[in-house]
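The values are calculated or read from the model by the stated rules, or taken from the named source; none is laboratory data. Values in this document were obtained by computation on a predicted structure and should not be read as measured data. Heads up, the Cβs are rebuilt from the backbone with ideal geometry, glycines too, and the neighbour counts pull from every protein chain shown.
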Amino acid sequence: LLMSNKIILKKNYNDIIHLIMNKDSVNALDYELINPLADEINKIDTSKVRALLVSSSGKHFCAGANLKKRSMMDNKETIKFLDQLNQCFNLIEDLSIPTFSLINGAALGGGTELSLCFDFRLAYKNAMMGLPEVSLGIIPGAGGTQRLPRLIGMSKAKNMIFKGDLLSAETSLKIGLIDKVLKDGNEVEEALLFINKIIANAPISLKSVKQALAQGLSKSLKDGLEIERDAYLKAMNSTDKEEGIQAFIDKRKPNWKGK
């Protein structure tokens, strides 16, 4: 266990970097958490690391914004905070490698919005998701109205945001908000198995398909197909493609180069 700072702990599992939010038991979103988290994300060398896992050392993954601090902010200060919050979230979303959040306890409001920045959401059985902002007289302000419908569909997103309901891990799984509910007692080990199954595949292929999916989302089908073609050619002309085919012929596991 490598301690980058008291707020974000860091572990390395071969090609996987594991960042652990360690601010307090609830990891409420404020500058004290998002600034060191953004710093650690910026340090990731995606040419050397295959995947990112983010979890919490406390009772909860992230219980949302620090409402006491937020209540003391004027409009200018609030906008500045939201800008930095979104910058941090965008750093995660824009990573070229596969990313995973490991959710225990509450991931509410900004906590759910944080989880939406990752490619995959893995959850403890006690996980609780939700965007309850409308019950407080506000709305989701860190991507919830944009990322959630892209993930689970507009109707389900409206149902979740308009009601402000809190959802169990099993309900979140059913609507596609999370990808897997993990077994009690072996959550980290099971999460690593999930991750390793993905990164056993060619790194250039994974980066290329992630890029194509992200860039094509807001495009027409015609433009999206052009993006897919460019990403396909990048993978096609890589050493990973050569190694993958040769390994298939040799009936062995590939030794990916990531080039």
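Conditions tested, residue by residue: (1) modelled with pLDDT of 85 or more; (2) closer than 30 Å to Ser55 by Cα; (3) not in a helix (DSSP H, G or I).
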position: Ile195; (1), (2), (3): yes, yes, no
position: Ile204; (1), (2), (3): yes, yes, no
position: Gln215; (1), (2), (3): yes, yes, no
position: Glu226; (1), (2), (3): yes, no, no
position: Lys241; (1), (2), (3): no, no, no
position: Phe248; (1), (2), (3): no, no, no
| request: Please work out if Asn186 is touching a helix residue (DSSP H, G or I) at 6+ places or on another chain (Cβ under 7 Å) and surrounded by fewer than 16 Cβ atoms within 10 Å (Cβ to Cβ). | output: no
